[in-house]
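This report concerns only the one structure given below.
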Amino acid sequence: MKRKTGKNIEKWRLFNKAQGGRRDCCLGPPFTKAQGGEMIGLLVIVILMVVIFAVYIRFSSAPDSKGEEARVSEANNYLVSSMLNSNVCPGKSLEDAIKAWGNNDKVCQEGNMEQFITQEAETMLKAYFGARYEKNGKHPFQLTIKPAEGSSNTEITIGEKQLACETGGIMPSRAYSIGRVASMQVKTCVSLQI
Amino acid sequence: MKGKKGFIHNKKGVIEMMETFMIIFVIFILMGIGMFFYFRASVSESKDVHREVCLTQTTELISAIAKLTDINCKDKHPCIDTAKLEAFALKSPAEKSAVLESTVCRKNITIEQIYPAPDEKGSCVGKQASPDFPKNCNTWQVFSVKASDVKGKAGEAIAIPITLYYPTKDEYGMGKMVITVYTN
């Protein structure tokens with residue numbers, strides 16, 4: 001912007017007059033008062049939009065769910081571990097029963113080990129999940145006991161064969177190896193354990 | 001701009017002034033609405049942060065309790081020895097607070113027996129010697145806050161499975177640790 005002295009001041013006056021401004025108003029920039037007001041209005045609107053956008057960005061970010069996932073993962077690991085440790089008959093745990101099943105052996109004076117293991121595991125899961133065990137004919141979890149490769153036993157699955165969760169994802173426990181004859185793992189809907 | 005008859009006689013000036021006041025008024029209203037929503041979101045966010053901190057602390061506490069030498073089993077994990085648990089449950093609140101109290105949020109910790117299914121419900125404290133144990137009871141209150149401290153606060157229960165060891169029978173059962181966290 002040129003300094004408004006000497007010859008320039010007359011040019012400013014003529015320019016301002018041509019733009020519809022007041023005659024005595026020539027010491028400011030080459031805008032009329034009306035134009036200046038419009039520009040300030042525009043600036044205010046832009047500033048407001050920037051502020052609103054910044055607030056939106058600040059609060060629109062998704063909440064961190066890592067804490068919940070860690071808790072569900074730990075709960076699933078504890079669930080498998082607790083089930084394996086529990087006694088299914090005096091002196092024998094579920095882990096002992098699965099080992100016997102894997103080795104085509106028998107414990108707890110049970111004839112059908114597969115049926116016995118399924119029944120006891122189901123009882124434990126029902127006791128733990130309570131009312132959440134089954135909803136509308138669907139189970140929000142899957143427990144699998146896989147025999148080792150080459151075994152004549154078939155896989156035991158309790159809960160959903162194909163687990164699908166209405167909300168949230170699926171969280172698996174780690175696969176617990178049982179005496180190299182089988183492994184046990186549970187998968188639950190994240191929402192079930194929260 | 002003094003006129004002959006009144007203080008202001010320039011109609012255009014009056015209109016422009018009114019326009020300016022109206023714009024300032026609208027801007028203030030917009031700023032007020034913006035501040036209202038900002039503070040509301042801010043309060044809501046701080047509550048969420050508080051809840052998240054409580055729940056994270058609880059997750060850490062679950063691991064800590066499972067490893068607590070005062071109550072855990074020697075050879076299995078996660079496992080709680082019911083005889084040790086009874087002794088711990090009988091400790092004074094001050095002694096338990098030193099181990100379990102959190103500065104961020106208050107909580108109740110209960111251990112429930114679920115497998116084998118108990119025949120009776122109620123506290124297991126003092127029932128270990130009974131021949132019917134562990135079927136004659138189902139809970140151990142590990143830690144509890146005063147009801148007056150959590151009056152009107154919403155409780156959020158977190159349950160985690162745990163192995164229970166019954167030394168009088170030398171058997172293991174399944175239980176769940178229920179932590180009720182008072183977040184708000």
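Please list 3J(HN,Hα) in residue order for the range B:57-70, calculated via the Karplus relation 6.51 cos²θ - 1.76 cosθ + 1.60 where θ = phi - 60°; whole Hz, with x for glycine and proline.
Along the range B:57-70, the couplings run 4, 5, 4, 5, 5, 4, 5, 5, 5, 4, 9, 5, 5, 5 Hz.
What are the ³J(HN,Hα) couplings of the range A:159-169, residue after residue, when phi is run through the Karplus curve with 6.51, -1.76, 1.60 and θ = phi - 60°? Round to Hz, x for glycine and proline.
Coupling constants for the range A:159-169: x, 7, 5, 10, 6, 9, 9, 5, 10, x, x Hz.
Every cysteine in chain B with no other Cys Cβ under 4.7 Å from its Cβ, please list them in numeric order.
When partners are defined as cysteine Cβ atoms under 4.7 Å apart, chain B leaves no cysteine without one.
Provide the net charge surrounding A:ALA148, with neighbours chosen by a C-beta distance below 13 Å and charges set as Lys +1, Arg +1, Asp -1, Glu -1.
Charge balance in the 13 Å sphere: +1.
Pairs of Cα atoms under 8 Å, at least six residues apart: use those to get the relative contact order of chain B, whole percent.
21 percent
Based on the mean of other Cβ atoms within 10 Å per residue, sort peptides B:139-152, B:15-28, B:77-90 so the most packed one is first.
So the peptides B:139-152, B:15-28, B:77-90, ranked by packing, come out B:77-90, B:139-152, B:15-28.
Using each residue's phi in the range A:147-154, evaluate 6.51 cos²θ - 1.76 cosθ + 1.60 at θ = phi - 60° and report the 3J(HN,Hα) Karplus result to the nearest Hz, with x for Gly and Pro.
After applying 6.51 cos²θ - 1.76 cosθ + 1.60, I find x, 5, 4, x, 6, 7, 6, 9 Hz.
Longer than 18 Å from Cα to Cα, which of B:LYS135/B:LYS169; A:LYS138/A:LYS161; B:LYS121/B:LYS176; A:LYS138/B:LYS121; B:LYS107/B:LYS153 are they? Say none if no pair is.
A:LYS138/B:LYS121
Can you list residues from other chains, or at least 5 along the same chain, whose modelled amide H is less than 5 Å from the amide H of A:HIS139?
Residues meeting the criterion, in which the H sits 1.01 Å from N, are A:GLU160.
If you place +1 on the Cβ of every Lys and Arg and -1 on the Cβ of every Asp and Glu, how big does the dipole about the Cα centre of the protein assembly as shown come out, in debye to the nearest 20?
Approximately 3900 debye in magnitude.
Take the Cα pairs of the protein assembly as shown, get the Kirkwood Rh, then feed it into Stokes-Einstein at 4 °C and 1.567 mPa s and tell me D in µm²/s.
My calculation gives 49 µm²/s for D.
Quick note: the coordinates plus some simple rules give every number you see, no bench work behind them. Everything numeric here is computed off the predicted structure, so don't read it as measured data. Methodologically, a virtual Cβ is constructed for each residue, glycine included, from the backbone with ideal geometry; neighbour enumeration extends over all protein chains shown.
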